[in-house]
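Quick notes on the structure that follows.
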Amino acid sequence: MVHAADPVDESVSGAPENRELVMADAVTLSGLIRRREVSCVEVMDSFLDQIEAHNPAVNAIVALRDREALTAEARERDSQLASGQYLGWMHGFPHAVKDLSAAKGLPFTSGSPMFADRIAEEDDLFVRRIKSAGAIVIGKTNTPEFGLGSQTYNPVWGTTVSPYDNSRTAGGSSGGAAASLALRMLPVADGSDYMGSLRNPSAFNNVVGFRPSWGRIPETGWIAQGAVVGPMGRTVTDVAHLLSTMAGPDAYAPLGIREDPAVFTESLARDLKGSRIAWVGDWNGYLATEPGVLELCESSFEVFEQLGCRVEAALPDFKPEDIWQLFLRWRWWAQLGLIDQYNDPSMRELMKPELLWELEHAVTLSALDVTKAAEARNGWLSAVTKMFETYDYILAPSAQVFPFDKNTHWPETVDGRSMDTYHRWMETVVPWTMAGVPVAGMPVGFDDRSLPMGIQIIGRHGADVDVLQLAYAFEQATQWVERVLPPALHVN
């Protein structure tokens, strides 16, 4: 394992004259732009140079726009600044949108051959907000087909690999976003999360991901499905600032949280002495975990205790197998949005096996099945709420395995135990998805093979600031993102 006493390698590769721009955290970069200490053109050129140097090895950013057009947009941002027009903290930032979301005029394939030629006609709401804050959308980030599976590969764009070992997966489904951040090809990134898609790739790429409380970032309609969009970055402060841009009420989201998102731009420093933290680990052996995962996560306890927290093993009063069963039915139900394509034989033959598996189960669901799943979810939320009467936070591993071979679609066994579905090896994230609570995916170190792992910091629904505050304190004490760079960023 890599321990806190290990030396920091501060030497990095990249375009020498602009290296400091891509290595800067996003909030620092934002200040440099606003004060006009660097131009938006310089920033754009620096990140495009970084993409040119490193993206071919990992295939994280796809559908990259023409450099000349992007430079022209950056020049326009400089003109706006010169005339006193400042759009927001992302003014002049290059940004790539996960290819499960719509960015007007760009491919919107969802990684599926069914939509290989689809071009987005409008921006999704959070994309409009990011653009309104001054960002320039340069392309998309790669994702598995329809985001199914924590392994980023698809027949449209190919496979995204980990910057820490190019023979291994970057995780998913926000694998392209996480790998882009690790290699400093983007200042911040958006992602989405149903089954750990902001948490697993953060663990596999040594960056920070945040799954917000359900409703924090508006979701249209009246059904609280499992999926949310959320921010990713290289610092907790950067993630909080992007959350402030993506979050906030919207008339089309009646179940959304009404709190002013400006709260996320305030200082995250806080005295955490006396905080009680529950460690669920592998749920007393219920979850299969690769050797080394639990030990690496448990090595973080000392840091939390140094912050004044008390960590102890504890579990909610709810059977984990029952959480899994309600999750399966809820997720099957969510896939029925693709029923028209499933009923079209020419479309169905383009679907990957995992999607077919989901839909084949989905079409068997009855109204009673969905009702019982909803009742079970309510029961699970009650158990989590009860647990938070005793504890301020919950800790859990972000994944049950370390990054695995890029040619393996999903681990069929974990520590000798057979996985009965394509996603059972990521069950560690499921309880918190089903509770709709905020979760920070934080780097927690590396194993003896220099493969990264992460830990989930979980809080009460609506307590997103509290979770970010503990994540920030943990980050300040460990500094994993800055201390252990991907090999491609080292200078010999």
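Of note:
- Computed from phi, the 3J(HN,Hα) profile of region 338-345 under the Karplus parametrisation 6.51, -1.76, 1.60 (θ = phi - 60°) reads 9, 5, 5, 5, 5, 7, 9, x Hz, with x in place of Gly and Pro.
- Net length gained if the chain between Trp222 and Thr413 were fully extended (0.36 nm per residue, minus Cα distance): 65.0 nm
- Sorting Thr413, Thr235, Thr408 on solvent-accessible area from highest to lowest, probe radius 1.4 Å, gives Thr413, Thr408, Thr235.
- Each peptide among 80-92, 336-348 gets the average number of other Cβ atoms lying within 10 Å of its residues, and from highest to lowest they stand as 80-92, 336-348.
- Label-to-label distance, Leu350 versus Val263, with points set 7 angstrom from Cα along the beta-carbon direction: 4.3 nm.
- Expected 222 nm ellipticity per residue - DSSP helices of 4 or more, -39500 (n - 2.57), all of the chain, to 500: -10000 deg cm²/dmol
- R0 of 25 Å, Cβ-Cβ distance Ile339-Leu368: FRET efficiency to nearest 0.05: 0.85
- Farthest toward the positive end of the dipole of the chain, out of Trp283, Ser299, Met195, is the Cα of Met195, where the dipole comes from beta carbon charges about the Cα centre.
- For region 323-359 and region 374-407, distance of Cα centres in Å: 24 Å
- Ordering Gly92, Gly176, Asn154 by Cα displacement along the dipole of region 60-195 toward the positive end leaves Gly92 in first place; charges were set at the Cβ atoms of Lys, Arg (+1) and Asp, Glu (-1).
- For the listed peptides 170-176, 361-367, 209-215, a ranking on the average number of other beta carbons within 10 Å per residue, highest first, reads 170-176, 209-215, 361-367.
- Area of Arg35 that stays accessible when all protein chains are in place (1.4 Å probe, Å², to 10): 140 Å²
- Farthest towards the positive end of the charge dipole of region 352-405, among the residues Gly379, Ala367, Ala399, is the Cα of Gly379, using unit charges on the Cβ of Lys, Arg, Asp and Glu.
- In loop segments of region 254-302 as defined by DSSP, the GluC sites (Glu not before Pro) with at most 11 further C-beta atoms inside 10 Å of their C-beta are Glu266.
- Residue-normalised accessible area of the chain, expressed per residue, 1.4 Å probe, Å²: 37 Å²
- Whole-Hz couplings from phi, Karplus 6.51/-1.76/1.60, listed for region 290-298; x for Gly and Pro: 5, x, x, 5, 5, 4, 5, 5, 5
- Which of Asp117, Asp420, Asp392, Asp447 is most accessible, then next, and so on - probe 1.4 Å: Asp117, Asp420, Asp392, Asp447
- Distance from region 14-90 to region 263-304 (C-alpha centre basis), Å: 35 Å
- Amide H contacts under 5 Å for Ile136: Gly92, Phe93, His95, restricted to partners 5 or more places along the chain or on a different chain, H placed in the peptide plane at 1.01 Å from N.
- Computed over protein heavy atoms with a 1.4 angstrom probe, the accessible surface ordering of Asp78, Asp322, Asp271, Asp448, largest first, is Asp448, Asp271, Asp322, Asp78.
- The chain - percent of accessible surface contributed by carbon and sulfur, probe 1.4 Å: 50 percent
- Calculated Rg and Dmax of the Cα atoms in Å (choose from [x] 22.2, 72; [y] 21.2, 64; [z] 24.9, 82), label: [y]
The values are calculated or read from the model by the stated rules, or taken from the named source; none is laboratory data. Just so you know, these numbers come straight off a predicted model, no measurement behind them. Cβ coordinates were reconstructed from backbone atoms using ideal geometry, including for glycine residues, and neighbour counts include every protein chain displayed. Just the protein is used for accessible areas: all its heavy atoms, side chains included, with ligands, DNA and RNA removed. Shrake-Rupley method; radii C 1.70, N 1.55, O 1.52, S 1.80 Å.
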